[in-house]
Each structure stands twice: as structure tokens, then as C-alpha cells.
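Here is the structure we will look at, set down as C-alpha cells.
The values are calculated or read from the model by the stated rules, or taken from the named source; none is laboratory data. Keep in mind it's a predicted model, so treat the numbers as computed, not measured. Here the Cβ is made from the backbone with ideal geometry for all residues, glycine too, and neighbour counts use every protein chain on show.
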Amino acid sequence: MTEYSPIRIRRPVSRAWMVTFADLLALLLAFFVLLFAMSKVETNAWKTMVDALSSRLRPLHQWIQPQVVMESTAPKPFAKRAIDLDYLAGILQAKMAGSEILGQSILHRLDDALVVSLPGHLLFLPGQARLQAGSQQVMATLGTALKLVGNNVELVGHTDASPPPSGSAFNSNWDLSLARALALARGLRAVGYTETIKVIGAADAGYDDISSKLSDAQRHILSRRVDLVIRETSAEGGANAP
């Protein structure tokens, strides 16, 4: 006797339920969007939540952060650099030639500095530390030459061996030389020079360094000066003159 096994007929599975499920999800999404539109969002709480999620979901944040801090705290991204003193000497010589007072100044090169000796008798009245009227042009010329220079700058005031004349507001040559150097520093500030200026009052300490072969009158004139000393090193930058 022959046995026959029942034949199973496979019917295609209907996925019509997915249409209904998608409609349900769309209705739920619309419902929540409606609730959100009708609600009032707490901005501070929302921002706190977003920041917390961002810090958790961005694993590279801790590597990026140090670079961002360094860039935002850099004090001088375009800091000036010290330039070659021989090149600067050529610039100053050209500018000094066109000025009456600077034309009588002495420019000399040291091992690590460039010095411009400004004649004090042309910048100041005897026993005084107030710049005369014609000195504004000197300050403008020097300020223009130094404005883009990053070298360290010093102003050293000098006097002769004679004490300040009677009627002077200064009791000693130390006070007078320092006040004159300060006057020039303020003059450079007024024309836009913003780097650090070191101000020194040397009184008659350099008088003996002047050649004794010169007459006393010449030695006195040369000793009454303010030296603008430009160093090879870069300025620390930014401090205002007193």
C-alpha cells in the first residue's frame, strides 16, 4: 500500500502590517512634535544637556582642547623681531641727514649695540628737562625708524661735571640726567613707539671717557647728551614709560 504525505502549500507572507505600523510611528512623531511646539524650552538646561552630550560623544575633544587654549592665550601672535644693527644704522644715517638736530648727533656702533648720541644743548635749555619746540621733529623721525623695530631700546641721560645752574628745579646731575632721559622716552611714546624703554640717569659718569685732547668747551658739549642705545636683543615689549 502506497503512503502519500500531505502536500504543504506555502503562501506568501503579507507585510501589509508595516504600513499600519509606519502610520502609527508618524502619528506618534507628530504628537511629540506638537507637544514640543506647545512647551517652553529652558535654554540654560538645554545648553547644559547639549554640552554634556557633546563632551561624551566627542572622544577627540580632549586632544583638540590644548591647541585651542594655546591659540587663544597667545599674547603676541605677530611679535616684532630684532633686526640687524648694521642695517638699522644705514636707515638712521639717512634720516639723520635730513634733520638739523639729528645731523649734529653722533652715531657709533658698539659690539652689541648701536648708539645715537643726541646733543642735549639742542634739545634742552640749561638746567631744564623740558624738550624744546624743535625737538618734536626729532621724536617723529626716531619714532618712525623705531616703530617697526623689535630691538631692546635704552635711553641714558648724561651731563657734564658742573652742577645744575642756580634756579634749576634739579638738585643734582643725577636727577637732571634721569629727567631728560624720561622726557625723550615720553616723546617716543607720543609718536607711537610702544615697546619697553629702559631709562637711565648717568649724570657725569661718562665725562672722563671723552678724549682729553679736546678742549673743555667741546668736552662739556659732548657730555651733555642723551644716548639712544639700541641692543641686538629683542625687547620684552609693551611696558609704558613712566
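General remarks:
- Residues that are at pLDDT 75 or above, farther than 30 Å from G150 by Cα and surrounded by 10 or more Cβ atoms within 10 Å (Cβ to Cβ) occur at least once in segment 11-22.
- Hey, L155 under 22 Å from A89 (Cα atoms) and in the same structural domain as D227 (by TED's automatic domain parsing) or not: yes
- Enumerated strands (runs of 3 or more DSSP E) restricted to segment 141-242, each holding at least 3 residues that are free of Cβ contacts under 8 Å to residues at least 24 places away in the same chain: none
- Just one of the listed residues (E232, E236) is surrounded by fewer than 16 Cβ atoms within 10 Å (Cβ to Cβ), of a type outside the set (S, T, Y) and at pLDDT below 85, and it is E236.
- The one condition from (1) surrounded by fewer than 21 Cβ atoms within 10 Å (Cβ to Cβ); (2) out of contact with any Pro (no Cβ under 9 Å at 6 or more places or on another chain) that I221 does not meet is (2).
- Flag if R81 is farther than 18 Å from K198 by Cα, surrounded by fewer than 18 Cβ atoms within 10 Å (Cβ to Cβ), of a type in the set (D, E, K, R) and in contact (Cβ under 8 Å) with a residue 24 or more places away in the chain: no
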